[in-house]
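**Student:** This structure is in structure tokens; I'll ask about it shortly.
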């Protein structure tokens, strides 16, 4: 039996696609002056359907990268948690080096 080495990733570490979505949320929040809706993020990262965006948002909320909304509905802005902001800042620091 051959074991494949996988570097350790702490729980809640975003995948490359999730990181791209988190970076999009940060950029759109700065541009719009308010948290973006799912449709804004989907258009920015190239997801064609709202269901596709919802799938990724649900995964990131489960990982603790996005806040749960106080109200139900698709028009609630997406807000990063402390862990989500930390992931984006860490990735940006790595890109600068």
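Every number in this text was worked out from the coordinates using simple rules, so none of it is lab data. Quick caveat: nothing in here was measured; it's all calculated off a predicted structure. A quick note on method: Cβ atoms are made from the backbone with ideal geometry, for glycine too, and the neighbour counts reach across all protein chains shown.
**Student:** Could you pull out which residues in region 9-42 have an amide N less than 15 Å from a spot 7 Å beyond the Cα of residue 70, following the Cα-Cβ vector?
**Tutor:** Taking a point 7 Å out along Cα→Cβ of residue 70, the residues of region 9-42 whose backbone N falls under 15 Å are 35.
**Student:** Work out, step by step, the length gained on full extension between residue 54 and residue 79: first 0.36 nm times the residue separation, then minus their alpha carbon distance; give nm to one decimal. Walk me through the numbers before you get to the answer.
**Tutor:** Values: separation 25, 0.36 × 25 = 9.00 nm, distance 1.39 nm.
Here the answer is 7.6 nm.
**Student:** Pop the C-beta distance of residue 61 and residue 4 into the FRET formula with R0 = 35 Å and round what comes out to the nearest 0.05. The partial results should precede the final answer.
**Tutor:** Numbers: r = 30 Å, r/R0 = 0.85.
FRET efficiency, residue 61 to residue 4: 0.75.
**Student:** Percent of Cα-Cα pairs per 10 Å bin, from 0 to the last occupied bin, for region 23-82, please list those.
**Tutor:** 24, 62, 15
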